[in-house]
Amino acid sequence: MTAFELLLPAFVAGLILTGIHAYLGLHVVERGVIFVDLSLAQIAALGTTVAFLVGFEVHSETGHAFALAFTLVGAAIFAFVRPHSRTRVPQEAVIGIVYAVAAAASILVMSKSTRETEHLKDMLVGNILSVSWAELRHTAVLYALIGLLHFALRRKFLLISMDEPEAVRQGVRVRLWDFVFYVSFGVVVTSSVPIAGVLLVFCYLIVPAVTAMLFAHRLGPRLAIGWTMGALVSAAGVALSYLLDLPTGATIVATFGAALLLLAGARLLQRAAA
């Protein structure tokens, strides 16, 4: 197998992840729920751990169904426990509490398992270099369906994310549509984390969105910037991991950080010169 054949699936995985996560990241940043993907990923891990404890394999359809079912519960929590004018508790606090409880519960469940649980850790770390073409096809189809759902419901999702008071004024059932949003988001995270790991999924979600918001105000330009950055960083990270003999996922994460730092510096210089 040539280097190109070895690295191509990882690069394509990066493109697929960029396509859906850069868009979802714009919603997440606008809503101020930056760590929601980490929390949903931990909830999915708890579901997988429970499936493993009762005798199912981690990467089986039943294991995935357990993870998705637990993620739906998390989506309901985040949708219906929303901050409002009569409470001072921010939604990010709820997200952090859910993450901590899910992590602790996963540890407790794993402590009762008599089997090796090392591959449960691999699920959260991910290994993008070992992704198969079959996994990529399945993931691409799933994300395309999620993308079509968001396109069909874009007006409500964007209105709630960008201007929630106006959504309430128009009579939009915010909690119901939040639940639909978080369910779709949870499906994406549940499928992404086994491929790329929590850290890399977080970077694909947040870094392109933050970068795009530095340079643009409208959705279209933001998406163009986010998708372009994700594609270029994926290519650079995969290439650097090969040339420097480094772990691919960690290299892409570090490349995202370096790219964001450079672009933020360029934006500051641009503003200073204006």
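Bear in mind these aren't lab numbers, they're just calculated from the coordinates by the rules spelled out. Quick caveat: nothing in here was measured; it's all calculated off a predicted structure. All Cβ positions, even for glycine, are placed from backbone atoms using ideal geometry, and neighbour counts span all protein chains on display.
Just tell me, in residue order, which DSSP H segments of the chain are both 15 angstrom or longer along the helix axis (alpha-carbon based) and at least -1.0 in mean Kyte-Doolittle hydropathy.
Values: long enough: 3-31 (41 Å, 1.32); 36-53 (26 Å, 1.58); 61-80 (28 Å, 1.47); 91-111 (30 Å, 1.74); 133-152 (28 Å, 1.00); 174-196 (32 Å, 1.42); 198-215 (26 Å, 2.58); 219-243 (35 Å, 1.22); 248-273 (37 Å, 1.27).
Taking the DSSP H segments of the chain (at least 15 Å long, mean hydropathy at least -1.0), we get 3-31, 36-53, 61-80, 91-111, 133-152, 174-196, 198-215, 219-243, 248-273.
Calculate the FRET efficiency for Ile97 and Ala65 from the Cβ-Cβ distance with a Förster distance of 22 Å, rounded to the nearest 0.05.
That pair, Ile97 with Ala65, gives E of 0.30.
Could you compute the net charge surrounding Phe185? Neighbours are other residues with a C-beta less than 14 Å from the C-beta of Phe185; K and R count +1, D and E count -1.
Residues near Phe185 contribute -2 overall.
Going by a ≥ b ≥ c, the root eigenvalues of the Cα gyration tensor, does segment 1-89 fall in the rounded group (a/c under 1.5), the prolate group (a/b larger than b/c) or the oblate group?
Oblate, because a/c is 1.5 or more while a/b does not exceed b/c.
About the Cα centre of the chain, how large is the charge dipole given +1 on each Lys and Arg Cβ and -1 on each Asp and Glu Cβ? Please answer in debye to the nearest 20.
The dipole magnitude comes to about 1080 debye.
Using 20 Å as the cut-off for backbone N distance, which residues of segment 214-234 belong to the label zone defined by a point 7 Å from the Cα of Leu268 along Cα→Cβ?
Residues 214-216 fall inside that zone.
Determine, from the Cβ-Cβ distance of Val172 and Ser132 and an R0 of 30 Å, the FRET efficiency 1/(1 + (r/R0)^6), rounded to the nearest 0.05.
0.15
Among Tyr23, Tyr99, what is the fewest-to-most ranking by other Cβ atoms within 10 Å?
Tyr99, Tyr23
Which peptide among 239-248, 24-33 comes first, and what is the full order, when sorted by highest mean count of other Cβ atoms within 10 Å?
24-33, 239-248
In deg cm²/dmol, rounded to 500, what helix-only [θ] at 222 nm does the chain give when every DSSP H run of at least 4 residues adds -39500 (n - 2.57) and the total is split over its residues?
Mean residue ellipticity, 222 nm, calculated: -27500 deg cm²/dmol.
Calculate the translational D of segment 3-266 in whole µm² s⁻¹ from Stokes-Einstein, where the hydrodynamic radius comes from the Kirkwood formula applied to all Cα pairs, the temperature is 4 °C and the viscosity 1.567 mPa s.
Estimated diffusion coefficient is 68 µm²/s.
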